[in-house]
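S.K.: First the structure, then my questions, so here it is.
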Amino acid sequence: MKNIKARIYNGETLIGCWLNLGSSLTSEIVGMSGFDWVLIDIEHGSGSEAQILQQLQALEHTPAATFVRVESYQRQRFHRILDLGAEGIMCPRINTLEEARQAAKAIRYPPDGIRGVARMVRATNFGSDFSEYYANQKKNLVCIVQIETEEILNSLDSVAAIDEIDVLFVGPMDLSIALGVFGQPDHPRFMDALKATADAAAKKGKAAGILLQNPEEFKKYYELGFRFIACSSDSSFVQIGARKMAESLNELKNSHETGK
């Protein structure tokens, strides 16, 4: 484990990005690039559980902590990923306080939670470190719930008060659509929801997180109180780099051919 949870509660600003290609190679490249954390996305990403093990292995020697976004708050989605060695889970589209409680329970072993117990798994060094892993689960494993619906905005303080939940993470696209203000990031309804999320997290010593559309938004969200901030993804990095290189070479080609 890479001490990421302690850094969250120390109030550090932690930067991350998405991994949505399902590739161990791009995961490793991104993990070595200077991010505090990365998120393997199996809700919308190209990969699936079949690729997660290879991605976790590729990321283990990098400085970046690794989280996985699952598809739902059900227990089965959590414990398989945690057994593979992920340092935390992001759970999307939490609609109600009860769903938040179920996600919180799914990240912890009994008696505090409902995570299934298995000794011979990668997270415990195949049983060799089970006692240490079990004893330190509370201080190491991170639970991130996404704030993406209008309904959950009525329960932000209660969600933030749940011990096992560490980060309230706004999904800006889904939340803005839910509020009827898609494509209007400065709309008062959206801004009020952002401020309410950040305030609820801060009152309980938790972190508020968000996915930026571009780095220029950093100042806006930092000043609102967001400290768990992501931007872009491995697919975007490949796309942008490839386009930039092709454009550069085409410009050089055209200038040389024109000059003949």
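The values are calculated or read from the model by the stated rules, or taken from the named source; none is laboratory data. These numbers come from a predicted model, not from an experiment. Positions of Cβ are backbone-derived with ideal geometry, glycine not excepted, and every protein chain shown enters the neighbour counts.
S.K.: Out of Val145, Val121, Val117, I need the residue that is without any contact (Cβ under 8 Å) to a residue 24 or more places away in the chain and of a type in the set (Val, Ile, Thr). Which one?
M.R.: Details: Val145 fails: without any contact (Cβ under 8 Å) to a residue 24 or more places away in the chain; Val121 fails: without any contact (Cβ under 8 Å) to a residue 24 or more places away in the chain.
Within the list Val145, Val121, Val117, the selection yields Val117.
S.K.: Condition first: modelled with pLDDT of 95 or more, surrounded by 19 or more Cβ atoms within 10 Å (Cβ to Cβ), small (Gly, Ala, Ser) and under 19 Å from Gly16 (Cβ atoms). Can you find one or more residues in the stretch 90-105 that meet it?
M.R.: Scanning the stretch 90-105, I find no residue that is modelled with pLDDT of 95 or more, surrounded by 19 or more Cβ atoms within 10 Å (Cβ to Cβ), small (Gly, Ala, Ser) and under 19 Å from Gly16 (Cβ atoms), so the answer is no.
S.K.: Moving on. Working only within the stretch 218-260, note down all residues that are of a type in the set (D, E, K, R) and crowded, with 17+ Cβ neighbours inside 10 Å.
M.R.: Arg227, Asp234
S.K.: For Ser72, all conditions in the list (1) over 13 Å from the mean Cα position of the chain (by Cα); (2) farther than 29 Å from Asp157 by Cβ; (3) hydroxyl-bearing (Ser, Thr, Tyr) hold save one; what is the number of the exception?
M.R.: (2)
S.K.: Could you tell me which of the residues Ala208, Ala200 is among the hydrophobic types (A, V, I, L, M, F, W, C), modelled with pLDDT of 95 or more and out of contact with any Ser or Thr (no Cβ under 7 Å at 6 or more places or on another chain)? Lay out the reasoning, then the answer.
M.R.: Numbers: Ala208 fails: out of contact with any Ser or Thr (no Cβ under 7 Å at 6 or more places or on another chain).
Answer to the check: Ala200.
S.K.: Which of the residues that make up the stretch 14-32 are in a loop (DSSP other than H, G, I, E, B) and within 14 Å of the chain's Cα centre (by Cα)?
M.R.: In the first step, residues of the stretch 14-32 are kept if they are in a loop (DSSP other than H, G, I, E, B); the result is 20-23, 32.
Result: Asn20, single match.
S.K.: Residue under question is Leu56, and the condition is that it be over 30 Å from Glu151 (Cβ atoms), crowded, with 21+ Cβ neighbours inside 10 Å and modelled with pLDDT of 95 or more; does it hold? So that I can check it myself, show each step before the final result.
M.R.: Values: over 30 Å from Glu151 (Cβ atoms): yes; crowded, with 21+ Cβ neighbours inside 10 Å: yes; modelled with pLDDT of 95 or more: yes.
So Leu56 passes the test.
S.K.: Scan the stretch 44-54 for residues that are more than 15 Å from the chain's Cα centre (by Cα) and closer than 22 Å to Lys5 by Cα and jot them down.
M.R.: Within the stretch 44-54, the subset more than 15 Å from the chain's Cα centre (by Cα) is 46-51, 53-54.
Residue satisfying the conditions is Leu53 alone.
S.K.: With respect to Tyr134, is the statement that it is surrounded by fewer than 16 Cβ atoms within 10 Å (Cβ to Cβ) and of a type outside the set (A, V, I, L, M, F, W, C) true? Steps first, please.
M.R.: Details: surrounded by fewer than 16 Cβ atoms within 10 Å (Cβ to Cβ): yes; of a type outside the set (A, V, I, L, M, F, W, C): yes.
Here the answer is yes, as Tyr134 does meet what is asked.
S.K.: For the stretch 125-136, check the following and say yes or no: at least one residue is among the aromatic types (Phe, Trp, Tyr), assigned to a loop (DSSP other than H, G, I, E, B), modelled with pLDDT of 95 or more and farther than 20 Å from Thr13 by Cα.
M.R.: Going residue by residue through the stretch 125-136, those that are among the aromatic types (Phe, Trp, Tyr) are 126, 130, 133-134.
With assigned to a loop (DSSP other than H, G, I, E, B) added as a condition, the list becomes 126.
Next, only the ones that are modelled with pLDDT of 95 or more stay: 126.
Then keep just the ones that are farther than 20 Å from Thr13 by Cα; that gives 126.
Yes; the residues of the stretch 125-136 include at least one that is among the aromatic types (Phe, Trp, Tyr), assigned to a loop (DSSP other than H, G, I, E, B), modelled with pLDDT of 95 or more and farther than 20 Å from Thr13 by Cα.
S.K.: Is there any pair with a first residue in the stretch 53-64 that is within 11 Å of Val38 (Cα to Cα) and of a type in the set (Ser, Thr, Tyr) and a second that is modelled with pLDDT of 95 or more and assigned to a helix (DSSP H, G or I) whose Cβ atoms are under 7 Å apart and which are 6 or more apart or on different chains, and what are they?
M.R.: Thr62/Glu28; Thr62/Gly31
S.K.: Within the stretch 33-46, does at least one residue satisfy the condition of being part of a loop (DSSP other than H, G, I, E, B), hydroxyl-bearing (Ser, Thr, Tyr), at pLDDT below 95 and surrounded by 21 or more Cβ atoms within 10 Å (Cβ to Cβ)? Walk me through how you get there before you give the answer.
M.R.: Let us first name the residues in the stretch 33-46 that are part of a loop (DSSP other than H, G, I, E, B), namely 33-36, 42-46.
Adding the requirement that they be hydroxyl-bearing (Ser, Thr, Tyr) leaves 33, 46.
If we keep only those that are at pLDDT below 95 too, we end up with 46.
Then drop every residue that is not surrounded by 21 or more Cβ atoms within 10 Å (Cβ to Cβ), which leaves none.
No, because not a single residue in the stretch 33-46 is part of a loop (DSSP other than H, G, I, E, B), hydroxyl-bearing (Ser, Thr, Tyr), at pLDDT below 95 and surrounded by 21 or more Cβ atoms within 10 Å (Cβ to Cβ).
S.K.: Within the stretch 148-157, restricting attention to residues that are in contact (Cβ under 8 Å) with a residue 12 or more places away in the chain and assigned to a helix (DSSP H, G or I), which residue is surrounded by the most Cβ atoms within 10 Å (Cβ to Cβ)?
M.R.: Per the stated criteria, the residue is Ile152.
S.K.: Where in the stretch 158-260 are there helices (runs of 4 or more DSSP H), lying fully within it, with 3 or more residues that are under 29 Å from Arg101 (Cα atoms)?
M.R.: Passing ranges, in order: 172-178, 188-203, 218-224.
S.K.: Moving on to the next point. Is it fair to say Arg93 is more than 23 Å from Ile4 (Cα to Cα), in contact with a strand residue (DSSP E or B) (Cβ under 9 Å, 6 or more places away or on another chain) and assigned to a loop (DSSP other than H, G, I, E, B)? Give the steps one after another, and end with the answer.
M.R.: On the way: more than 23 Å from Ile4 (Cα to Cα): yes; in contact with a strand residue (DSSP E or B) (Cβ under 9 Å, 6 or more places away or on another chain): yes; assigned to a loop (DSSP other than H, G, I, E, B): yes.
Considered against the rule, which asks whether it is more than 23 Å from Ile4 (Cα to Cα), in contact with a strand residue (DSSP E or B) (Cβ under 9 Å, 6 or more places away or on another chain) and assigned to a loop (DSSP other than H, G, I, E, B), Arg93 comes out as yes.
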